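Data first, discussion second: the structure below is written as structure tokens.
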Amino acid sequence: MLVEGPVEVELEDGTVVSSDRFRVALCTCHRSRRYPWCDTSHRRSAPPRETRQ
């Protein structure tokens, strides 16, 4: 999910993380190693797509 910054996000444990970037990508799949920021881990973890012949 793309969000225009600056952004503050409160995590489940109450920790607040912030970014002052113009636009940030928030992770919605929880696979990111930089959660809550998206690091495109969802691309590597996705199952292969079926191809039709």
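The values are calculated or read from the model by the stated rules, or taken from the named source; none is laboratory data. This one's a predicted model, so the numbers in the text were calculated from it and none came from an experiment. Cβ placement follows ideal geometry from the backbone for every residue including glycine, while neighbour counts extend to all protein chains displayed. Accessible surface areas use protein heavy atoms only, side chains included; no ligands, DNA or RNA. Shrake-Rupley method; radii C 1.70, N 1.55, O 1.52, S 1.80 Å.
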Seminar exercise, completed: In the range 24-36, residues that are open to solvent by 40 Å² or more (accessible area, probe 1.4 Å) and on the phi < 0 side of the Ramachandran plot total 6
Seminar exercise, completed: For the range 1-18, pairs from a residue that is under 16 Å from ARG34 (Cβ atoms) and without any contact (Cβ under 8 Å) to a residue 40 or more places away in the chain to a residue that is in a loop (DSSP other than H, G, I, E, B) and open to solvent by 100 Å² or more (accessible area, probe 1.4 Å), with Cβ under 8 Å and 6 or more apart or across chains, are GLY5/ASP20; GLY5/ARG21; GLY5/PHE22; VAL7/ARG21; SER18/PRO6
Problem set entry | Given (1) modelled with pLDDT of 90 or more; (2) touching a strand residue (DSSP E or B) at 6+ places or on another chain (Cβ under 9 Å), index of the condition MET1 fails | (1)
For this session: Enumerate the pairs (first residue in the range 20-41 and under 11 Å from VAL3 (Cβ atoms) and in contact (Cβ under 8 Å) with a residue 12 or more places away in the chain; second residue anywhere and among the aromatic types (Phe, Trp, Tyr) and outside any loop (DSSP other than H, G, I, E, B)) with beta-carbon separation below 7 Å, excluding pairs fewer than 6 apart on the same chain, so at least 6 apart or on different chains.
Result: VAL24/TRP37; ALA25/TRP37; LEU26/TRP37
